[in-house]
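The structure appears right after this line, and notes come after that.
The values are calculated or read from the model by the stated rules, or taken from the named source; none is laboratory data. Note that the coordinates shown come from a computational prediction; the quantities given were computed from them, not determined experimentally. Every residue, glycine as well, gets a Cβ built from its backbone with ideal geometry; the counts of neighbours run over all protein chains shown.
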Amino acid sequence: MPDNTSAPPPASKSYASGDINSLIRDIGSAKSAAARARFAGRPPDAQDTRAVYLETCAAIAAAFEPRGYKFSKSGPHFTAKSRDKQFTYRISFQSSHNNIPGQHIRLLVHTSISSPVVKKWETALWARHGRTYQGNGSIAGTQLGYLAEPGKRAWVAWELAHEHTRAAAIAEVTDRITYHALPWFAQCEDIPRLVGRVVETGVFPDCHVENFPAELLLCFASREQTARALASYIKTLHPKARANLHKDLAAARAESPLEINYSGFSGCHIRYLLAEGIEFPKE
């Protein structure tokens, strides 16, 4: 008789940068499978998907408690402060509505850096322009898989539904956080060196999302360094993107008074820079 037992999925799956089609296709397949599973009903011996997910997150976080990280079920996530308390390092977990008991439990892991110094500054900036700031002082963030070595960076999803793949996923995520995320966070322990790298490249180091870190520079760098970093950033832009930036820059300059908000060119807080009197390089 044929063996109808399906093989367990691998512990993780990676999607190369720009491979949005494969990701969309897999999300669609997972959605269809989840619909069929809900119609069929939950197997009596299958573990609760949320319980497995939260237990996995807690197990990963526990490995970093000796380093000062604290776990929270809300999110869930775990965080730590820099030595000088000026930055907060965060590992956040995400799952899926398409999980299937006993078959599929998705795990995504994200990293981010925020700062109470930046939050205080942004709150004051928005207040001066009659607005209420509701952010957390974010500086940079990316998916854990994008912090791998150049050439190996990819969006990664882990599978938790089966015990052996779950153990492998926990081990892999723990290793990636140890060898990729923690060194990325550690850049903030030497602010002058970090600022120097941003001035040279125009972007936050090793961050897949290459946004201009205006908040970091306006709080921790000189005006001259910020202007130099901005020039470096604009040089990296594709001509079309550069044209869009200058279009939005002209629109912001025409505002009276200047409106502080999240609109405008994606990747650069043009209005923040204008509000602080930072000069943009001429076209």
Conditions: (1) touching a Lys or Arg at 6+ places or on another chain (Cβ under 9 Å); (2) outside any loop (DSSP other than H, G, I, E, B); (3) among the aromatic types (Phe, Trp, Tyr). Residue 184 meets all but one. Number of the miss? (1)
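Between 163, 200, which is out of contact with any Gly (no Cβ under 9 Å at 6 or more places or on another chain), acidic (Asp, Glu) and closer than 30 Å to residue 252 by Cβ?
Numbers: 163 fails: closer than 30 Å to residue 252 by Cβ.
Being out of contact with any Gly (no Cβ under 9 Å at 6 or more places or on another chain), acidic (Asp, Glu) and closer than 30 Å to residue 252 by Cβ holds for just one of 163, 200, which is 200.
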In segment 192-208, is there at least one residue being aliphatic (A, V, I, L, M), farther than 21 Å from residue 278 by Cα and surrounded by 20 or more Cβ atoms within 10 Å (Cβ to Cβ)? no
Return the residues of segment 202-220 that are at pLDDT 95 or above and either more than 27 Å from residue 144 (Cβ to Cβ) or polar (S, T, N, Q) (or both); say none if nothing qualifies. 218
At pLDDT 95 or above, over 22 Å from residue 206 (Cα atoms), more than 19 Å from the chain's Cα centre (by Cα) and not in a loop (DSSP other than H, G, I, E, B) - does that describe any residue in segment 66-78? yes
The lone exception for residue 228 - which of (1) crowded, with 18+ Cβ neighbours inside 10 Å; (2) without any contact (Cβ under 8 Å) to a residue 60 or more places away in the chain; (3) within 16 Å of the chain's Cα centre (by Cα) it fails: (3)
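Out of all the residues in segment 235-281, which are hydroxyl-bearing (Ser, Thr, Tyr), part of a helix (DSSP H, G or I) and more than 14 Å from residue 210 (Cβ to Cβ)?
Applying the first criterion (hydroxyl-bearing (Ser, Thr, Tyr)) to segment 235-281 yields 236, 256, 262-263, 266, 272.
Checking which are part of a helix (DSSP H, G or I) leaves us with 236, 272.
If the condition is that a residue be hydroxyl-bearing (Ser, Thr, Tyr), part of a helix (DSSP H, G or I) and more than 14 Å from residue 210 (Cβ to Cβ), then 272 is the only one that fits.
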Return a yes/no flag: does segment 116-124 have any residue that is in contact with an Asp or Glu (Cβ under 8 Å, 6 or more places away or on another chain) and surrounded by fewer than 21 Cβ atoms within 10 Å (Cβ to Cβ). yes
Testing residue 179 on (1) loosely packed, with under 15 Cβ neighbours inside 10 Å; (2) aromatic (Phe, Trp, Tyr); (3) in contact with a Phe, Trp or Tyr (Cβ under 6 Å, 6 or more places away or on another chain), one condition comes back false. Which one is that? (3)
Note down all Cβ pairs under 7 Å where the first residue falls in segment 162-185 and is aromatic (Phe, Trp, Tyr), the second is part of a helix (DSSP H, G or I), and they're at least six residues apart or on different chains. 184/147
